[in-house]
Structure formats: structure tokens, C-alpha cells
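Colleague: Just dropping this structure here.
Laboratory data are not the source of any read-out in this text; all were calculated from the coordinates shown. Just so you know, these numbers come straight off a predicted model, no measurement behind them. Glycine also receives a Cβ, built like all others from the backbone with ideal geometry; neighbour counts cover every protein chain displayed.
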Amino acid sequence: MGVNLLANMLEAVSMVLFGIGFGNLLLQKNLMKKIIGLNIMDSAVYLFLAEKGYIEGRAAPIVTDGVRSMEAYINPIPSGLVLTGIVVSVSVSALMLSLTIRLYRRYHTLDLDRISMIMKREE
Amino acid sequence: MDFIRNFPFISIVLTLFSGAVCSVLPGRAARWVNTAVITVSGVLSALVLRYVLITGECFVYMMGHFPAPWGNEIRAGVLEAAMALFFCIIMLLSMWGGRKKLVEEVEESRHNLYYVLVNLLLCSLLALVYTNDLFTAYVFVEINTIAACGLIMVRQIGRTLAAAARYMIMSLVGSGLLLIGLCMLYDLTGHLLMSNIQESVRGILADGTYAIPLVITIALMVVGLAIKSALFPFHAWLPDAYGYSTISSAAILSSLASKGYIFLLIKIIYRVIGFDVFNNTHIINVLFVFGLLAMIFGSLSAIKEGGIRRMIAFSSVAQVGYIYMGIGLGTEAGMIAAVYHIFAHAAGKALLFIAVIGLTDVSGFSRRFIDQTGAGYRNKIAGIGFTVGSLSMVGVPIFAGFISKILFAQAAIRNTGKLLPTMIVLAVSTILNAIYFMKTVIRIYTPSPDSKFTGIALKEEKLYALAIVLFVALNIALGMSSQPVVNAIQTGLTMFG
């Protein structure tokens, strides 16, 4: 168990980070903290992917000095997935932030439960 | 003939680019582009459907120049093409039915943005339906989420903003789980294409090395998609999002956006994990139980609800429960029933949302039940539409909902372990459905001679009436000629395997 954990250190760290981010996104009341949780959660996935694509002792997959052997380079696909994931995460974060700004302007609070209370009172 | 193989790709790219084009067009032109694009995508999907029915086998379309294990692929079979065609039809009719309301509720300067979102939503739905690559599916799941959130918040009132925030949070939780699930699956199998993953999964199971991680991965993906499609108890965002957004959005979200995720889940079950592998995990029982709970609690919430639109929204929770119960039965018949119910619910629920706006508009824009008294006489076509939608949802013969209930019951008989709970819950849920839908139908056809509200003539809203008539025809067509549809679903599911 301990040996496995040590060998898969970065995977374990990324899962812990994912849990932290996930918990924050789900349980925090403050919208900003939720968005921070979302970003921690996504970063954990990128760490996981980067770790899975990396192979000890190999170079980044850019052909230099005419070396075209597959054995010389790390797996490029996870890096591509990370890039795609970052784009997705940036766009949803931007949308969430703009939504948060609108809600704050309207209700002057970032707490979703209080927003619901104010909404009920208004009706 | 072989040129038709390009059509799935063309329809996805066409909708994607038209989204970009609409952002610089004036509202009126954007509307024309939107209608044209939905129609063209529908026609292309119909041609693909005809092609795969004639050839009798699915085809794989290579994206770019890299063959199978590395490149990206599109795959079209009977079920994919039928689903794409159906999504286009429902979307077009929902846009027609809600057009007048959109003009009233959304500022003129934002109209083109609304059509951008609708085009992007259609694009993501088509991509989810056709793609053969898991990571592409994830990206389009997120595009679907963003477009759906935009559709909710385009009507800028407090309720919709809060509902959009709740929707985003729940959706992001779901897509986070889906993302980590498919990253782990990539880690386990080394592939992103669905067919390659399935081979590797079978290898893993034969070796018995990574059995537990595999189950966890499947659970993460299934739960992620279940959260995104608003399976009970993850439906808290749903009533406000469907109840207060502009009516086209509500119809599209309830009948299409959540169905895209469910279709992706069915695809993952068949094409990625393997139906038999999925059946041997306990996850299927979890889906079954939550499906049953959704059927009961969704209907109970709908009965308690005081507003007519939120009532229909809660009914969606129950109907999504039906679909998950069908998946949870774990037989092919159950899956056929679930897919049929995707069609039946989409046709019925979009009709209900479009019809209800006609009723509330002739009742002083009030959502309370008491004000709806006699609304069926004041807006005749909306009254007929609402009645047909209600009868279909309750499961009265000749309408689509009846067939799906029969299919569910027949599927349950073949699964002895789950027969009793399915039958009991099916019966209870039908009675509960009947209570709240029939209550409303009786209310709108109770004459109120001293009503202070004025009616509306049919010729004042021709497009709205046309949308309702076509929706009613669709519901009756699905109900009356169910056998070809069921056969097509069966062929499509066989092609999946």
C-alpha cells in the first residue's frame, strides 16, 4: 500500500486536489469560492493527465536533430488533452464570473442561499 | 451515394459556423439563418438516416488524415441519425412556438445572440450524437452547458440569473466527474476512440488486473452524466430554469439539452463499456433506484406546485426518472423503452411548454392555477395543445406516452428481479401524473363567464398555431405508428453493439 502510494505520488496528490476542488464547488456558499473550487478541480485533472503522459527520461515531443524514434519522446496526447481542457475551463470560469457579477449587482451578495431568500421576499 | 457519408460532419460544422456568423448579423437576419440551419441539418440527418437504413450498416467517418487509434472519428448509425433528425424537428418547432414571446421578453439588441446560443446548442447536440471520440464528447458537453446557461439567462430577471448560476454549478460538478472519469479511462485503456476503448476494456476484464479502477471509472462517468441530465436528487436547479426562462429556452432545455447527455450515456454504456459489462456492475441498480425515486418524487413535487410552468418543469424530473428506470432494467427491451421515451418525452414536453405560454398569456400573464380557469376557450389552439401534451404524458392510447409506458411494462416483465418495483412505481406514477395533468386540463376547460381576461383569435398568431398543430401531429404520429420507430431503435441499438 505504502509503496504503491509512493510510486503514484502525483496521481494521489491530483485525486486529493480533485476532492478539495469538488467539495468547494459543491459545498461553499460563496460564489467566488465555488469558482475557485472549480479551478482547483480542473487543475487537478491536468496534473493527473500530465503525470500520465510523462515518461521518465524522455524529451518533449518536438522533433530535434532528426530523431524520429517513438522511444525518444513522451506521449503527446495527454498534453493535447490538457490544452483542450484549459480552454474549456477558462470559458466556463469566464461565464461563471460574469454571472456572479450580474447576481452581485442585482442582489448585493455572493451567497446563493441569501439570494434565494431575497427572491422569495420580493415576491 | 457515398457523398452522404460527409453529411454528419457538414451538419455539425454548418451549425457551428452559423453560430459565429449570427453574432455579427442583425436580429432578423440571424433568425433566418437559424431557421435555415436547423432545417438544413434536419434534412441532412434525414438523408443520413435513409442512407444507413438502405445500406443496413453504420459507417465511420475519419476526421483529418490519421486513421483509427490516433485520429478523431464520427460514427453514424440508425439511432444517431434518427436522434439528430428528431432533435432538429423539435428545435425548429420550439423556436417557432416561442418566437412571439422571445420578441416580448428579450431586448431587441440581444436577439442575434439568442440565435447564436441556439445554433451552438444544436451543434453540440449533433456532435454528442455523432462523435466516436470520448474527449470530443466532453468538449461538446461543455459547449452544451455554456449554450444552455446562456439560453436560461438571456431573459434578464433575478430568477433566471440565480437559476443559471445553480444550473452552471450542478453542471460543472457533473462535467468534472465525467472529465476525471474519462481521463482515468484513458489512463487504463490508452485510447480515446469508443471502439478501441471497448476492446481494451474487455482485455482488462479478461486479465482481471484493474477491475476495481474500471468500476470506479464507470461510476464516475455515469454519475457525472446523471447529474447533468437532472436525475433526482440533482434537480434543484431545474424548476426555476424551466419555469422562468423564455419559453423557447424552456422547451429546448427540457426536451433536448438533457436528452443529449442521456444519449451520450447510452452510447457510453453500449460503445465504450459494453452493455454486458455495465449490467454486471451494481451501478445499474443505483440508476434503477434513483429512476424510480425520481418518478415518484418528481410527480409529488409537481402536485404540490402552485404555478403551472413550474409544475411542468417538475414533471420533467419524473420523466427523466422513467428513462433512467428503463436503462436500469438492464435488458435490451428496457433500453428500447428508454430511447423511445426520449422521443416521446421530447415531443410531449416541448408541446406542453409551448402550449402553456398561450394559456398564461390569455390569463393576464399569471402563472397561478386559479387564473387559468377557462383559458382553453380563450386560446383554443393552446388549450388543444396542452390537452394533447397532458394526455401523452399521462399515457392515454393513440399518443406517444402510452407506447413508452407499454414498452416499459413489457421490458419489466422480462426482468423478474425488478418486475414488482417497476410495475408498482409505474402504476403509482401514472396515477400521480393523471392527478396533476388532468386537474389542469379540467381547470382550463371550466367555463368562467365573468372572466376579466380577453381571448385571442387563431389568425393573430399563425406561426404559434402551426407549431402547436405540428407538435400534436408529431405526438399522434409517434403514438400511432410506433412499430417502425421501435424497429429503428432496435436496429440502431444492434448497430451500437
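Colleague: For B:156-168, what's the mean count of beta carbons from other chains sitting within 10 Å of each residue's beta carbon?
Modeller: Neighbouring Cβ atoms belonging to other protein chains average 5 per residue here.
Colleague: Determine, for B:Ser255, A:Ser79, the number of other Cβ atoms within 10 Å of each Cβ, and report the residues in order from fewest to most.
Modeller: Ordered by Cβ neighbours within 10 Å, fewest first: A:Ser79, B:Ser255.
Colleague: Then there's this: Expressed as an acute angle from 0 to 90° and rounded to the nearest 10, what is the orientation of the C-alpha long axis of helix B:27-55 relative to the principal long axis of chain B?
Modeller: So the inclination is approximately 50 degrees.
Colleague: How much net charge surrounds B:Thr331 when only other residues with a Cβ under 11 Å from its Cβ are counted (Lys, Arg +1; Asp, Glu -1)?
Modeller: +1
Colleague: Now for a different question. Grab the DSSP H runs of chain A that are 4 residues or longer, score each as -39,500 (n - 2.57), total them, divide by all residues and round the 222 nm result to the nearest 500 deg cm²/dmol.
Modeller: Dividing the helical sum by the residues of chain A leaves -25000 deg cm²/dmol.
Colleague: Could you run the Karplus curve 6.51 cos²θ - 1.76 cosθ + 1.60 with θ = phi - 60° over segment B:139-153 and give me ³J(HN,Hα) per residue in whole Hz, x for Gly and Pro?
Modeller: So the Karplus estimates, Gly and Pro as x, are 4, 6, 4, 5, 4, 4, 4, 5, 5, 5, 4, x, 5, 6, 8 Hz.
Colleague: Name the residues whose placed amide hydrogens come within less than 5 Å of the amide hydrogen of A:Asn75, ignoring near sequence neighbours (fewer than 5 apart) on the same chain.
Modeller: Correct list: A:Ile55.
Colleague: Let me ask something else. Tell me what chain B gives for mean residue ellipticity at 222 nm when only DSSP H runs of n ≥ 4 count, each as -39,500 (n - 2.57), the sum divided by the residue total, rounded to 500 deg cm²/dmol.
Modeller: -25000 deg cm²/dmol
Colleague: Please give the length that would be gained between B:Lys462 and B:Ser200 if that part of the chain were fully extended, namely 0.36 nm times their separation in residues minus their C-alpha to C-alpha distance (nm, one decimal).
Modeller: Full extension from B:Lys462 to B:Ser200 adds 88.8 nm.
Colleague: Taking only Cα atoms, what is the 0 to 90° angle, nearest 10, from helix B:416-444's long axis to the longest principal axis of chain B?
Modeller: Relative to chain B, helix B:416-444 is tipped by roughly 20 degrees.
Colleague: How do B:His111, B:His65 line up, fewest other C-beta atoms within 10 Å first?
Modeller: Result, fewest neighbours first: B:His65, B:His111.
Colleague: B:Lys452: net charge of surrounding residues, Cβ under 12 Å, Lys/Arg +1, Asp/Glu -1, itself excluded?
Modeller: After counting each charged neighbour, the total is -1.
Colleague: Something else: Rounded to whole Å, give me the distance from the Cα center of segment B:436-497 to that of segment B:140-207.
Modeller: Each part's Cα centre sits 31 Å from the other's.
Colleague: If I fit a long axis through the Cα atoms of helix B:332-361 and take the longest principal axis of the Cα atoms of chain B, what angle between them do I get, 0 to 90°, rounded to 10?
Modeller: 30
Colleague: Taking θ as phi - 60°, what are the ³J(HN,Hα) couplings along segment B:198-214 by the Karplus curve (6.51, -1.76, 1.60), each to the nearest whole Hz, with x for Gly and Pro?
Modeller: Karplus values, whole Hz, x for Gly and Pro: 4, 4, 5, 4, 4, x, 4, 5, 5, 6, x, 7, 10, 5, 5, x, 5.
Colleague: Would you mind checking B:Lys405/B:Lys439; A:Lys29/A:Lys120; A:Lys34/B:Lys259; A:Lys33/B:Lys100; A:Lys34/B:Lys101 for any pair whose Cα atoms are more than 29 angstrom apart?
Modeller: In this structure, A:Lys33/B:Lys100; A:Lys34/B:Lys101 exceed 29 Å between Cα atoms.
Colleague: Please list the non-local residues whose amide H lies under 5 Å from the amide H of B:Met63, H modeled 1.01 Å from N, same-chain partners needing a gap of 5 or more.
Modeller: B:Asn72, B:Glu73, B:Ile74
Colleague: Give me a comma-separated list of calculated 3J(HN,Hα) values for segment B:222-227, in order, Karplus coefficients 6.51, -1.76, 1.60 applied at θ = phi - 60°, integers in Hz, x for any Gly or Pro.
Modeller: For segment B:222-227, the Karplus curve yields 5, 5, x, 6, 5, 4 Hz.
Colleague: Across peptide B:170-182, what mean number of C-beta atoms from other chains lies inside 10 Å of a residue's C-beta?
Modeller: 5
Colleague: Charges on Cβ only, +1 for Lys and Arg, -1 for Asp and Glu, centred on the Cα centroid of the protein assembly as shown; of B:Phe437, A:Met32, B:Leu182, which one is farthest towards the dipole's positive end?
Modeller: B:Phe437
Colleague: Can you sort B:Lys452, B:Lys101, B:Lys349 by how many other beta carbons sit within 10 Å, fewest first?
Modeller: Exposure proxy ranking, most exposed first: B:Lys452, B:Lys101, B:Lys349.
Colleague: Same structure again: Using 1/(1 + (r/R0)^6) with R0 = 45 angstrom and r between the beta carbons of B:Ile212 and B:Ala477, what's the FRET efficiency to the nearest 0.05?
Modeller: Once the sixth-power term is evaluated, E becomes 0.45.
Colleague: Per Stokes-Einstein, at 25 °C and 0.890 mPa s, what whole-number D in µm² s⁻¹ belongs to segment B:282-497, with the Kirkwood radius over Cα pairs as the hydrodynamic radius?
Modeller: Stokes-Einstein gives a translational diffusion coefficient of 139 µm²/s.
Colleague: Taking every alpha carbon pair in chain B, what does the distance histogram look like in 20 angstrom bins from 0, in percent?
Modeller: Using 20 Å bins, I get a P(r) of 25, 59, 15, 1 for chain B.
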